[in-house]
Amino acid sequence: MNTMKKSVLLKAAILSVSAIVTSGSAMNANIPAMAVSFPTIPYPLIETISTIHYFFLIPSVLASVYLSKRIGYKRCIQTGILIVGLSGIVPVLTNNFYLILITRALFGIGIGLFNSLLVELVNYYFIREERTNLFGYLGAFEAIGGTIAVFIAGQLLQISWQFSTMIYLIAVPIFLLFSFGVPNDSFKEQDGNDNNKAQIMDRSRAKNTFKFQGITAAYIVILFVTALLYMTMGIKITSLITTLGYGTSVDGSLAVSVSGLGAILSGFLFGRIVGLTRTYTFSFGFATLGLAMLLIGISNHIWLTFLGSFLVGCGIRIFIPYVTNLINMGNSNNKPLLTSLILVAYNVGCGLSPYGSLLLEQLSWGNSLRGIFYMEAICFGIMTLLSYCSSRMRTKLDKSEVWAVEKIN
């Protein structure tokens with residue numbers, strides 16, 4: 001019973017930290033109010049408040065790999081949580097715009113210090129289907145945390161845009177839960193435990209089954225392209241709805257929220273989905289995203305757009321944890337670095353998505369908003385076909401992927 005309670009507390013501690021990974025979006029609704037408070041600051045510069053943390057998150061993710069080796073995984077994650085909490089509430093204490101901008105950069109550094117390390121904790125403490133399920137739960141809790149943060153910040157915004165940043169005080173109970181829930185033991189001290197022995201067996205089975213570094217590079221490229229295409233939905237869907245006249249900007253905001261619900265559901269069902277689709281999980285994820293973009297593109301009714309948005313959330317939260325799971329089932333001594341590179345590829349793809357959508361619009365029929373989603377549906381359709389053919393052809397070459405989905409149920 002004590003072991004079971006310890007396992008539940010450990011899971012809760014790790015998942016609670018993942019809930020603040022996407023909390024940066026809580027600042028998005030503050031932009032108009034901040035523009036009023038800082039009339040001498042150019043509006044585009046004020047908009048960077050909601051995006052600047054992404055640029056600092058990327059180097060921080062890479063630095064966390066090396067910092068964690070010096071101070072330990074737990075201390076590195078604790079440091080990141082503290083930075084997020086302290087930097088997040090600075091707007092309550094100051095009216096200096098540039099100081100606020102600097103603290104948002106620090107916020108990104110804080111997120112980066114624990115983003116990839118959460119994956120490493122799951123990879124170390126849990127095995128087989130339990131580990132696979134937890135990778136899905138990480139994505140679900142990211143979506144839940146982001147949704148709740150945006151909602152609460154929106155309510156606090158009625159008091160003032162500065163007071164809305166009090167949402168980041170949530171870092172305090174999360175820090176305490178993580179501190180008590182995760183053991184202080186270093187990984188080396190636990191080399192003899194059952195989990196570690198099971199992981200050694202996993203790695204032995206995966207050894208020499210495929211050229212891991214080359215496959216990882218392919219995953220990084222695929223994830224970058226997928227993020228570049230997927231993020232277009234959030235950028236363009238409100239414009240699509242209002243331009244075609246079948247909804248309002250509020251409906252556009254709801255559509256983005258609906259995609260979050262899809263991500264939550266998909267995250268919790270990730271283990272079962274992989275158990276059913278097995279080596280065709282890539283194909284299933286791409287097909288879901290392709291269908292979603294097609295539905296949004298052809299839609300003339302808000303309910304159909306909501307359905308497409310929901311499927312977008314489902315598709316992306318199938319794809320990302322599956323890639324993470326494959327990386328951590330492979331035979332490599334640099335998994336923390338590889339996991340970090342995966343996260344970097346995703347964030348770079350998201351950051352460049354406005355330019356990707358612009359390119360797709362130029363390539364689409366009549367340079368139309370509908371055409372963007374049609375082009376994305378075609379891209380995901382091609383990716384579905386290629387991944388399906390690859391899965392059919394791959395038998396003995398990639399047995400580590402088979403093990404990654406083996407006995408899920």
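Read the figures in this text as sums done on the coordinates, not as results from a lab. Keep in mind the model is a prediction, meaning the values are calculated, not measured. Please note: Cβ atoms are built from the backbone with ideal geometry, for glycine as well, and neighbour counts cover all protein chains shown.
Side notes on the structure shown:
- Amide N proximity, the range 83-112 versus I159 label position 7 Å along Cα-to-Cβ, cut-off under 18 Å: 85-95
- Inter-label distance, nm, simple model (7 Å from Cα along the C-beta direction), S257/L276: 2.8 nm
- Where labels lie 7 Å past Cα in the beta-carbon direction, separation of L176 and L244 in nm: 4.9 nm
- Note on the range 130-170: Rg/Rh from C-alpha atoms, Kirkwood Rh, equals 1.21.
- Between the alpha-carbon centres of the range 35-106 and the range 344-364 there is a gap of 24 Å.
- FRET efficiency estimate (nearest 0.05) - Cβ-Cβ, R392 to N96, R0 56 angstrom: 0.40
- Gain upon complete extension [W303, S37; 0.36 nm per residue less C-alpha separation]: 92.0 nm
- In units of the compact-protein estimate 2.2 N^0.38 Å, the range 213-309 shows a Cα radius of gyration of 1.21.
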